[in-house]
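Have a look at the structure below, then the notes.
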Amino acid sequence: MTAFPAPVTPVTPPLSSPLPSSPPSSPSSPSASVPSASEPPVQGRPERPCVSELRLSAYAGHRRARFPLGPLTVLAGPSGSGKTGALGAYEALARLAGGAPLDEVFPDPTARVPERARPDAQGRRGFRIGCTADGPRGPVRLDVAVQAEPRLRVVGERLSAGGLVLLETALRDPGRPTVEASWYTGGPAAVTRASLPDDRLGTPLLPLRVAGRTEGQRQVLAAAEQMVVALRSVFVCDPRPGRMRAPVPVGAGRLTRGCENLAAVLWRTRAECGRRHALLVEAVRAGCAGPVTDVLAEPVGDGRVRAVLDRGDGTRTGFERLGDGELRYAAMALVLLTGPGVLEVDPVGEVPEALQTLTVLADGLDLGLDPRQRGELLELAARMCERGHIRFTGAVSDGSWAREVPAARVVDLVP
């Protein structure tokens with residue numbers, strides 16, 4: 001499938017009516033229904049919640065764009081086509097689902113507003129993003145409208161499933177730091193109304209506000225949980241070779257997005273899971289020049305360690321001698337072969353790890369990699385994604401080579 005972002009038009013629809021028209025049924029429509037929270041999952045649906053579509057209705061250079069996401073997705077397009085923006089929007093939704101406030105997620109919100117968007121009569125401009133989370137309860141949609149000017153705030157949010165609006169918020173009084181929310185009850189009162197803060201997403205707040213006494217309330221909670229679990233546990237992998245060559249202090253810290261502490265993580269993980277470490281050695285052997293019999297960290301004094309390749313003949317090559325492509329390749333292979341306990345991610349503590357999926361986002365997936373390395377890395381990603389506990393979305397300039405991996409879903413972006 002191909003996602004074609006529509007051309008930017010001069011006028012953005014007013015933020016006072018920020019979201020697309022409601023699904024066929026609203027909270028007060030008794031004919032609408034979603035799977036009951038007490039019903040068993042439908043066969044054929046994913047066991048683990050996952051994001052199956054990203055929507056950028058009006059975000060940076062994107063207008064009315066929809067990106068289908070599979071277990072292994074490659075966004076392909078030339079510079080300026082919006083690959084980085086799409087991955088950034090995904091990360092932003094993940095952080096919002098974790099409860100982060102807007103000003104932390106969008107430190108420069110005006111950069112997210114479509115360039116030619118004009119303010120409405122009240123001088124407001126903003127952007128709109130959303131996604132669909134598939135899982136045991138079926139597809140659940142989340143759409144969010146954010147006002148960037150004159151003040152950063154959420155001005156509209158809608159959580160829906162099966163044609164039923166489960167949560168809807170709207171800005172009623174611009175002078176107050178709240179939005180008016182209504183969520184489905186399904187009891188004597190069709191909906192419950194309350195105020196929510198306008199500086200963060202309402203969906204992850206629902207478990208604190210919804211009692212779960214009625215079947216309708218339990219449907220709301222089940223949909224909110226599926227969305228939050230699908231969006232959380234995102235790791236942005238952006239290896240920085242220039243920072244990966246120096247020795248680092250030994251510590252219990254998790255791998256950062258820049259992978260500069262890779263040596264310390266290797267020091268910890270090599271003994272934790274021999275099977276996964278053997279897979280890492282096999283992967284590094286396929287992507288690095290020369291013989292490789294082990295990948296490990298060794299102490300260099302002062303409580304610091306450096307990462308090395310054991311060549312098997314008594315020679316150990318420090319990572320400081322490796323090329324940028326080899327370092328990026330080794331770092332991404334390590335990410336694919338580890339999990340939330342090793343990576344700096346924000347998992348859902350209340351949900352068993354077996355029911356969660358780690359999502360890895362990698363901009364410039366093929367940056368610095370030769371054809372052999374990028375092919376080996378994508379094949380490794382395909383094997384790991386097939387197991388279901390990890391999903392991978394990367395961005396490349398030319399996706400022709402990625403199409404050679406049958407499991408990869410290539411989405412072409414057009415500038």
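The values are calculated or read from the model by the stated rules, or taken from the named source; none is laboratory data. Being a predicted model, the structure only gives us computed values, none of them experimental. Reconstructed Cβ throughout: ideal geometry from the backbone, glycine too, with neighbour counts over all protein chains shown. Quick note on the areas: whole protein, heavy atoms, side chains included, nothing else; ligands and nucleic acids left out. Shrake-Rupley method; radii C 1.70, N 1.55, O 1.52, S 1.80 Å.
Report, to the nearest whole %, how much of the accessible area of segment 191-304 belongs to carbon and sulfur atoms, 1.4 Å probe, protein only.
52 percent
Divide, for segment 181-309, the radius of gyration over alpha carbons by 2.2 N^0.38 Å, where N is the residue count.
Compared with the compact-globule rule of thumb, segment 181-309 sits at 1.70.
Based on the alpha carbons, how large is the Rg to Rh ratio for segment 242-336 when Rh follows Kirkwood?
Using Cα coordinates only, the ratio equals 0.92.
So, how do all the Cα-to-Cα distances of segment 35-152 break down into 10 Å bins, in percent, from 0 on up?
Histogramming segment 35-152 at 10 Å steps yields 12, 39, 31, 14, 4 percent.
Under a point-charge model restricted to the Cβ atoms of Lys and Arg (+1) and Asp and Glu (-1), what is the dipole moment magnitude of segment 39-109 relative to its Cα centre, in debye to the nearest 20?
Computed charge dipole of segment 39-109: roughly 340 debye.
Just name one of Ala331, Gly70, Leu367: the one whose Cα is farthest towards the positive end of the charge dipole of the chain (beta-carbon charges, Lys/Arg +1, Asp/Glu -1).
About the Cα centre, the residue reaching furthest to the positive side is Gly70.
Would you report the distance distribution of C-alpha pairs in segment 46-99 as whole percents per 5 angstrom bin, up to the bin with the largest distance?
With a bin width of 5 Å, the distribution comes to 4, 17, 27, 27, 16, 6, 2, 0.
For Glu180 paired with Arg304, estimate the spin-label separation in nm (one decimal), with each label point 7 Å from Cα along the Cα-to-Cβ line.
Reported label-point gap for Glu180 and Arg304 is 6.0 nm.
So what's the angle, to the nearest 10 degrees on a 0 to 90 scale, between helix 215-231 and the longest Cα principal axis of the chain?
Between the helix axis and the principal axis of the chain, the angle is about 30 degrees.
When only C-alpha pairs under 8 Å and at least 6 residues apart count, what is the relative contact order of segment 122-269, in percent?
15 percent
Can you pull the one-decimal nm distance between simple spin-label points at Asp173 and Glu404, each 7 Å off the Cα toward Cβ?
Each label point is offset 7 Å from its Cα along the Cβ direction, giving 6.3 nm.
Would you mind calculating the relative contact order of the chain from Cα pairs under 8 angstrom and at least 6 residues apart, reporting the percent as a whole number?
21 percent
Would you mind computing, in nm to one decimal, how far apart the modelled labels at Arg243 and Glu115 are, each placed 7 Å from Cα along Cα→Cβ?
A separation of 2.9 nm, rounded to one decimal place.
What is the set of long-range amide H partners of Val300 at a cut-off below 5 Å, with H atoms built 1.01 Å from backbone N?
Val305, Arg306
Along the charge dipole of the chain, pointing to its positive end and built from +1/-1 on Cβ of Lys, Arg, Asp and Glu, which listed residue (Val154, Pro239, Phe392) has its Cα farthest out?
Result: Val154.
Could you give the accessible area per residue of segment 101-243, probe 1.4 Å, as a whole number in Å²? Spell out each step's value before the answer.
Working: 5710 Å² over 143 residues.
Value returned for segment 101-243: 40 Å² of accessible area per residue.
Rg and Dmax of segment 105-207 over Cα atoms: what are they, in angstrom?
Every Cα atom of segment 105-207 included, Rg and Dmax give 14.8, 47 Å.
Hey, can you find the accessible area per residue of segment 293-415 for me, probe 1.4 Å, expressed in square angstrom?
42 Å²
Based on Cβ point charges of +1 for Lys and Arg and -1 for Asp and Glu, what charge dipole magnitude is obtained for the chain about its Cα centre, in debye rounded to the nearest 20? Each step should come with its number before you reach the end.
Numbers: 50 positive and 45 negative charges, 107 e Å.
Magnitude of the dipole: close to 520 debye.
With Kirkwood's inverse mean 1/r over C-alpha pairs for Rh, give me the Rg to Rh ratio of segment 205-259, two decimals please.
My calculation of the ratio gives 1.33.
Return the FRET efficiency for the residue pair Cys273, Ala211: r is the Cβ-Cβ distance, R0 is 60 Å, and the value is rounded to the nearest 0.05.
Values: r = 42 Å, r/R0 = 0.70.
So the FRET efficiency works out to roughly 0.90.
Cα atoms only, segment 307-415: Rg and Dmax in Å?
Calculated on Cα positions, Rg and Dmax stand at 15.9, 52 Å.
Could you quote the convex hull projected area for segment 181-220, Cα atoms only and averaged over all directions, in nm²?
2.6 nm²
Rounded to the nearest 20 debye, what is the charge dipole size of segment 67-208 about its Cα centre when +1 sits on each Lys and Arg Cβ and -1 on each Asp and Glu Cβ?
The dipole of segment 67-208 has a size of about 220 debye.
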